[in-house]
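The values are calculated or read from the model by the stated rules, or taken from the named source; none is laboratory data. Note that this is a predicted model, so its numbers are computed, not measured. Heads up, the Cβs are rebuilt from the backbone with ideal geometry, glycines too, and the neighbour counts pull from every protein chain shown. Ligands, DNA and RNA are stripped out before the accessible areas are found, and what is left, the full protein with its side chains, is counted by its heavy atoms. Shrake-Rupley method; radii C 1.70, N 1.55, O 1.52, S 1.80 Å.
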Amino acid sequence: MENRWNDSEVAEYKSDLALRVYTSRLLGRDSTLVLHGGGNTSVKIGMTNMLGEEEDILYVKGSGWDLATIEEPGFSPVRMKHLLGLAKRETLSDPEMVNELKTQLTNASAPAPSVEAILHAILPYKFVDHTHADAVVAITNTENGEKRIREIYGDEVVIIPYVMPGFDLAKLCAEKYPAEAGEKTIGMVLMNHGIFSFGDTAKVSYERMISLVGRAEKYLEKNKAWNLSWEKIESPKKQIRADLARLRSDVSKVSGFPMILSHHEDVKSLAFANRGDIGKISQQGPATPDHVIRTKRVPMVGKDVNEYAENYSQYFKKYASSQTILDPAPRVIIDGEIGICTLGRSINEADIVFDIYEHTMEIILRSTALGGYRALPPEDIFDVEYWDLEQAKLKKGGKPPLFSGEIVLITGAASGIGKACVDSFLSRGAAVVGIDIDKNVESNYNKKNYLGIVCDVTNDEEIMNVLEKTVRAFGGLDMLVLNAGVFPKGARIESLSTADWKRVMSVNLDANLSIMREAHPLLKLSPGTGRVVIIGSKNVPAPGPGASAYSASKAALTQLMRVAALEWGSDGIRVNTIHPNAVFDTGIWTEEVLKTRAESYGLSVDAYKTNNILRVEVRSRDVAELAAEMCGPLFAKTTGAQLPVDGGNERVI
Ligand code: ZN
């Protein structure tokens, strides 16, 4: 356990609150102590209020802040007097407690105080640090956990048996701490939950945390439960997109909304998934209640989601009447053939679940080495999952974005209409895979929910690779935007070479057949419905001289779209086309080219750009927004349609 206190760093942090920020960040930097919003800290500061009265204020971590990056406004100032008064009450529901905490803030715009605020208030020290340290949790989650904790710390810590976080836990600590704390007490261990340290200075409290957790780590080492070995397992299958997409589809059906599935076959994940005792050790519950919010109850082992949901139905029944949001879908899936999959409404959520489960695997293995991992019984886990405070948070979260949990593949995504499509789908919450022959497609975006792949769409093998990568990254494919195409130099039929004709056909037509054929099994498994949008051209209804190859290719593509709409309707897949015209904000239309073209019609550049019935300029973004909306509910009952985006064209109308 590394002590990160640094005297030269700390010189900048002068006030008590600033020091509280400093050591909170030190804790937050170590993922074995604090993970994704877990843990909280506080400092008690005497202040004079507006009426000239002295009062003690507890600055406790506010919700929505992470210790690793917290700043002074991240601490909610709550009146100590009221907190101590609340701790004396016989009962208080958790929503009532949350309300009370808010009414006692001295800053109306501060974040909601941590639900563990009362716990911080009752500990009679200026600084209080609380973490869900892996090493401590690994030891408390064993058969003789309490005995082991006593063996490690003697009477330096007060031990609190497991109670769900909230008022009841605060109440129990308020009774047990004063009764059991002695001169040597420097911490408090909460069984199956975590550890508190405290002190009169930020440094003492922080260093006590490091030292207490360090002793837990040493204990594990002494008991040969610290160093873990991971058996090297060969990745069993090369092509797993069908398995993964099926799994995501099944889970999303059970949850009632589309989910992103993130796949992991690193050494640890494969070794863990292939353990002979996986069916037992993975089914003992999460390491700390804080994890339940992300990972839900226990992982699913194998691929049968319905069986998993059925196994847990008895627990859901208990809550069925209380207006809770029932979602029996797993968030972690363990399978020997596949490795580990984690799920969430976005790739961010799914990745957080994986981070937590990576720690959980180590905790389980260390507890197992100590003689057996034993976490909370399912009843307790479900109490946390259906905790009214968590439910309130879910409701407050509001409506997720339109394409939350969904995946789109866009071809020709490096620039122009394709890149605008990437923007439109990202802004609606989709995970986007952009492909292009231009390598800028890889670096255009640096986002977790974007994957750019260089691909020549005329190469079937490359297309299959793209689909495999898409599903490994996000779990499936729901939408396809076929935009890649070439617009060759003008040539009249008598001078058009067969080679040039074939080149246009292979990119604008043949490639799209390959992509559609290979994507069909995935689109069919879309938890919503599969959707395809094809970027056609005004040249389909209104061809121009000198563009026979282009016009013929787009016309044939439109016919392919119409047949796909007929054939795939029974799979619930909608296929529609957009016919744009004169979209000039793309790479091929440089200032120079525009000027020459405008002049050849005797028009100014502006007049040329708006040479349509509505006298409007058609931009890439206009086309992209329509493409995205065509995948949304407005077009839920439309397939086989062709829509112009051209400002109105007499020949088309
Ligand atoms: Zn806690």
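Per residue, the chain exposes an accessible area of 44 Å² to a 1.4 Å probe, with every protein chain left in place.
Just add up the charged neighbours of Gly569: K/R +1, D/E -1, any other residue whose Cβ is under 15 Å from the Cβ of Gly569. Summing Lys and Arg as +1 and Asp and Glu as -1 gives +3.
Note on Ser109 and Glu146: the extension gain reaches 9.2 nm, defined as 0.36 nm multiplied by sequence separation minus the Cα-Cα distance.
Estimated from helical segments only, the mean residue ellipticity of the chain at 222 nm is -13000 deg cm²/dmol, where each DSSP H run of four or more residues counts as -39500 (n - 2.57). A cut-off under 11 angstrom between Cβ atoms defines the neighbours of Ile578, and their net charge, with Lys, Arg +1 and Asp, Glu -1, is -3. Computed from Cα positions, the angle between helix 591-600 and the longest principal axis of the chain comes to roughly 30 degrees. In this structure, the residue pairs whose Cα-Cα separation is over 29 Å, taken from Lys296/Lys448; Lys232/Lys303; Lys61/Lys176; Lys147/Lys232; Lys447/Lys538, are Lys147/Lys232; Lys447/Lys538. In terms of its C-alpha gyration tensor, the range 230-294 has an oblate overall shape, because the principal axis ratio a/c (a ≥ b ≥ c, square roots of the eigenvalues) is not below 1.5 and a/b does not outweigh b/c.
State the dimensionless ratio Rg/Rh of the chain (Rg: radius of gyration of Cα atoms; Rh: Kirkwood radius).
On the way: Rg = 30.1 Å, Rh = 28.0 Å.
Dividing the radius of gyration by the Kirkwood radius yields 1.07.
Separation of the range 231-272 and the range 329-376, taken as the distance between their Cα centroids, equals 13 angstrom.
For the peptides 98-110, 136-148, 213-225, the ranking by packing is 136-148, 213-225, 98-110, with the highest mean count of neighbouring Cβ atoms within 10 Å listed first.
Take the alpha carbon gyration tensor of the range 51-113, find the square roots of its eigenvalues, order them as a ≥ b ≥ c, and report rounded if a/c is under 1.5; if not, report prolate when a/b exceeds b/c, else oblate.
On the way: a/c = 2.14, a/b = 1.26, b/c = 1.70.
Judged from the Cα gyration tensor, the range 51-113 comes out oblate (a/c at least 1.5, b/c at or above a/b).
Modelled spin labels at Asp327 and Phe257, positioned 7 Å past Cα toward Cβ, are 0.5 nm from each other.
Taking Cα atoms only, the orientation of helix 202-222 departs from the longest principal axis of the chain by about 90 degrees.
Accessible surface for Ser424 stands near 0 Å², nearest 10, in the context of the full protein assembly shown (1.4 Å probe). Using only alpha carbons, the range 123-190 has a radius of gyration to Kirkwood radius ratio (Rg to Rh) of 0.94.
Glu625 sits with roughly 50 Å² accessible to a 1.4 Å probe, with DNA, RNA and ligands left out of the calculation. The shape of the range 1-100 comes out oblate: with a ≥ b ≥ c from the C-alpha gyration tensor, a/c is at least 1.5 while a/b does not beat b/c. From most to least packed by mean Cβ count within 10 Å, the peptides 245-256, 540-551 give 245-256, 540-551.
Starting from the residue with the highest accessible area, list His82, His264 in decreasing order, probe 1.4 Å. Don't jump to the answer; show the numbers that get you there.
Details: His82 60, His264 30 Å².
Result of the area sort, largest leading: His82, His264.
For helix 94-103, what angle does its Cα long axis make with the longest principal axis of the chain, in degrees from 0 to 90 and rounded to 10? On a 0 to 90 degree scale, this one is about 90.
If you find the alpha carbon centre of the range 487-540 and of the range 1-78, how far apart are they in angstrom? Using only Cα atoms to place each centre, the spacing works out to 58 Å.
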